[in-house]
Amino acid sequence: MRRPVDPETGWDELPIASIELDARSRDDVPKILRSLQDLHADRQALAAVFAILDGLSTAPGPGGGKTTAGSEPDAPRMTPWRTLVLGVLRVLLDADEHRIADLADQHRVIRRFLGHESPEDRSTYAVETLRESLQPVTPEVVKRIEQVMVG
């Protein structure tokens with residue numbers, strides 16, 4: 001029996017390892033998600049990546065910076081894991097916040113990576129919050145994250 005995942009839980013409570021990815025896909029998204037899945041399984045490397053993210057500065061905005069994903073009451077929180085997943089996708093796909101919002105809101109597998117297990121979970125990510133929260137995740141930061149993953 002599956003238990004629903006609370007979107008407010010920590011990264012260590014998400015069943016990332018159990019998410020099945022299409023190994024035959026030639027699209028970029030499953031390849032990126034597979035790397036994040038491997039990173040999630042390596043607690044030491046993931047802690048180092050979170051230390052990198054923790055060192056980034058964000059200008060606080062409405063809701064206190066990167067803690068919320070919108071003004072709606074049911075908007076998901078931008079946890080470090082969500083910031084990592086969406087920030088890496090944004091940089092590696094060379095996508096803007098509108099595409100990332102669409103992927104976060106509509107892509108079934110990405111939603112599972114973000115902790116939205118239930119199909120009834122209709123929470124959405126505001127473009128403005130994604131712009132604010134993901135802005136510090138630059139190509140240089142992703143290169144640092146990749147070095148941790150390779151090391």
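Odds and ends about this structure:
- Per the Debye formula on identical point scatterers at the alpha carbon atoms of region 74-148, with no solvent, log10 I(q)/I(0) at q = 0.15, 0.22, 0.27, 0.28 Å⁻¹ is -0.46, -0.96, -1.37, -1.45.
- Each residue of region 135-151 is assigned a 3J(HN,Hα), and the resulting list reads 3, x, 7, 9, x, 5, 5, 5, 4, 5, 5, 4, 4, 5, 5, 6, x Hz, derived from the Karplus form 6.51 cos²θ - 1.76 cosθ + 1.60 (θ = phi - 60°), x at Gly and Pro.
- Each Cα pair under 8 Å and six or more residues apart adds its sequence gap; the mean of these over the residue count of region 72-131 is a relative contact order of 41 percent.
- In order along region 42-48, phi translates into HN-Hα couplings of 9, 4, 5, 5, 5, 4, 5 Hz, rounded to whole numbers, per the Karplus curve 6.51 cos²θ - 1.76 cosθ + 1.60 with θ = phi - 60° and x for Gly and Pro.
- Region 29-49 and region 122-138 have their alpha-carbon centroids 20 Å apart.
Quick note: the coordinates plus some simple rules give every number you see, no bench work behind them. This is a predicted model, so every value here is computed, not measured.
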